[in-house]
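The values are calculated or read from the model by the stated rules, or taken from the named source; none is laboratory data. Every value quoted in this text rests on a predicted model; they were computed, and no experiment measured them. A quick note on method: Cβ atoms are made from the backbone with ideal geometry, for glycine too, and the neighbour counts reach across all protein chains shown.
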Amino acid sequence: MVLQAIQYEPASADSPPSLHILDQLVLPHRTTYVPVRNCEEAHAAIRQMKVRGAPAIAIVASLALAVEVGAQMKTGNLPAAPEDVKDSINQRLDFLKTSRPTAVNLGDAVGKLKIVIKKAALQPGASAESVARAYIAAAERMLVDDVSDNRAIGEYGARWIEENTTAGRKRKADRTREVAILTHCNTGSLATAGYGTALGVIRSLRAADMLTRAYCSETRPYNQGSRLTAYELVHDEIPATLITDSMACALMEREGDHLAAVVVGADRVAANGDTANKIGTYSLAVLARHHGVKFLVAAPRTTIDRDTASGKDIVIEERAPEEVTRIKGPRVTADGKLLLDEGSEMVSTAAVGIDVWNPAFDVTPAELVDGVITEVGVVEKVDGKFNFSAIFPQL
Ligand code: MRU
């Protein structure tokens, strides 16, 4: 079975397009797909983190609007004039963009989709249907492109690790040696249209028979590592070990140069290479530098925000205190067993009344990032600075 966070069916002769997402709130205990029928449902699913991960958020939002527009076409409810279809789509995109603030992929998708429909509405002989069709086709293309981009990221990352890390070079010289990787949060099939970014690099290393073991951190407080990444690694039968976030330092000390790299994803990479990613990423980068372990960010170009000069300009989402003060506790079954599943209750783990700070992301300074793995190659610093202009087409 291929893991899929997003299930999208294009329109057929009989039915409009449809969208279902894997509900990540109940993973790993239950595999349930829920329908996303319109922008309100997409907005809520993204806010509640039924779907999360920068690329997946952007794709679900874009496709939810494709579903909405497709339904309007089927029922004859599109506005009559092409300009009105364009305005209505723009308005819905602006609404979707407010769902979560830190990941740039959604903003990037919104910007690109707005250009597509602007051009479509300006075409000679444009109609309401032609603008709607142009929107749907562009949103559908994002789903397809994301998977191929992730596979390219995986290949480039695996090759870079083989050529530029101590463990990788040893492996190249002696084919019996292999490398270990530490990753944080979830960047796999669940966070993207498929394959994943940092987890895509791990998948590619595994496919090339280079990987001894993947380590994934628990990623408190939302536990994307223990719930989602561990689920993907077990699903793919990749040798993997879960650690709590506080064990990373001891792991680096124990593994020595067998640990080739820490590979993480990103929610927004600023123009200078400062990288916003799941809370805890920055600590890993500091630890990696201390231990001489390479620190790599794996992200498609849609995550690189050239309009944001540095990490200081990135808005960091703060989430509910309850994510920190409560966990899902086990429930006791009729025969006395302890079970952690969808029937489990939330259990408090903190003193009632304590103040909580719960930033969902942190910013790793570019200084600590050894390379940004994109779908067109790995960008490294030149004279201590990242310059991403070479990987973007000149307009
Ligand atoms: O809060 P989340 O789960 O949406 O945070 C996800 C991350 O931080 C990922 O590392 C990032 O979005 C990249 S996913 C390919």
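Take Ile354 and decide whether it is buried (at least 16 other Cβ atoms within 10 Å of the Cβ), part of a loop (DSSP other than H, G, I, E, B) and of a type outside the set (S, T, N, Q).
no
Quick check on my filter: what residues within segment 10-31 are of a type in the set (A, V, I, L, M) and either assigned to a strand (DSSP E or B) or outside the structural domain of Ala66 (by the TED database) (or both)? Break it down into steps so the answer makes sense when it comes.
As a first pass, look at segment 10-31 and keep what is of a type in the set (A, V, I, L, M): 11, 13, 19, 21-22, 25-27.
Hits for segment 10-31 are Leu19, Ile21, Leu22.
Of all residues in segment 368-395, which are part of a strand (DSSP E or B) and among the hydrophobic types (A, V, I, L, M, F, W, C)?
Let us first name the residues in segment 368-395 that are part of a strand (DSSP E or B), namely 371-374, 377-379, 382, 385.
Passing the criteria: Val372, Ile373, Val378, Val379, Val382.
Residue by residue, here is whether (1) modelled with pLDDT of 95 or more; (2) not hydrophobic (A, V, I, L, M, F, W, C) holds:
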| site | (1), (2) |
| --- | --- |
| Arg289 | yes, yes |
| Thr303 | yes, yes |
| Gly329 | no, yes |
| Asp335 | no, yes |
| Val347 | no, no |
| Phe361 | yes, no |
| Val369 | yes, no |
| Val382 | yes, no |
| Phe388 | yes, no |
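Say whether the condition of being at pLDDT 95 or above and either within 16 Å of the ligand (Cβ to nearest atom) or in contact with a strand residue (DSSP E or B) (Cβ under 8 Å, 6 or more places away or on another chain) (or both) is met by at least one residue in segment 110-123.
No, segment 110-123 has no match at all.
List every residue pair whose Cβ atoms sit under 6 Å apart, with the two residues 6 or more apart in sequence or on different chains, where the first one lies in segment 330-348 and is within 14 Å of His29 (Cα to Cα) and the second, anywhere, is among the hydrophobic types (A, V, I, L, M, F, W, C) and part of a loop (DSSP other than H, G, I, E, B).
Once the first residue is within 14 Å of His29 (Cα to Cα) and sits in segment 330-348, its partners that are among the hydrophobic types (A, V, I, L, M, F, W, C) and part of a loop (DSSP other than H, G, I, E, B) give Pro330/Leu340; Glu342/Val26.
Kindly indicate which of Thr229, Thr187, Thr219 is within 11 Å of the ligand (Cβ to nearest atom) and on the phi > 0 side of the Ramachandran plot.
On the way: Thr229 fails: on the phi > 0 side of the Ramachandran plot; Thr187 fails: on the phi > 0 side of the Ramachandran plot.
Only one candidate qualifies: Thr219.
Of Ala109, Ala103, Ala158, Ala58, which residue is within 30 Å of Val369 (Cβ to Cβ), assigned by the TED database to the domain that holds Ala276, in contact with a helix residue (DSSP H, G or I) (Cβ under 7 Å, 6 or more places away or on another chain) and in contact (Cβ under 8 Å) with a residue 12 or more places away in the chain? I'd like the intermediate steps shown before the answer.
Details: Ala109 fails: assigned by the TED database to the domain that holds Ala276; Ala103 fails: assigned by the TED database to the domain that holds Ala276; Ala58 fails: assigned by the TED database to the domain that holds Ala276.
Going through Ala109, Ala103, Ala158, Ala58 in turn, just one is within 30 Å of Val369 (Cβ to Cβ), assigned by the TED database to the domain that holds Ala276, in contact with a helix residue (DSSP H, G or I) (Cβ under 7 Å, 6 or more places away or on another chain) and in contact (Cβ under 8 Å) with a residue 12 or more places away in the chain: Ala158.
Within segment 124-148, which residues are of a type in the set (D, E, K, R) and either touching a strand residue (DSSP E or B) at 6+ places or on another chain (Cβ under 8 Å) or not in a helix (DSSP H, G or I) (or both)? I'd like the intermediate steps shown before the answer.
Here is the first cut: in segment 124-148, the residues of a type in the set (D, E, K, R) are 129, 133, 140-141, 145-146.
Scanning segment 124-148 gives a single hit, Glu140.
With the condition kept exactly as written, say whether any residue in segment 237-257 is aliphatic (A, V, I, L, M) and closer than 22 Å to Glu375 by Cα.
Checked against the condition, which is being aliphatic (A, V, I, L, M) and closer than 22 Å to Glu375 by Cα, segment 237-257 yields no hits at all.
Identify, from the list Asn150, Asn164, Asn90, the residue that is surrounded by 24 or more Cβ atoms within 10 Å (Cβ to Cβ) and modelled with pLDDT of 95 or more.
It is Asn150.
From the list Ala173, Ala260, which one is aliphatic (A, V, I, L, M), surrounded by fewer than 20 Cβ atoms within 10 Å (Cβ to Cβ), away from the ligand (no atom under 16 Å from the Cβ) and more than 14 Å from the chain's Cα centre (by Cα)? Walk me through it before giving the result.
Working: Ala260 fails: surrounded by fewer than 20 Cβ atoms within 10 Å (Cβ to Cβ).
When all the criteria are applied, what remains is Ala173.
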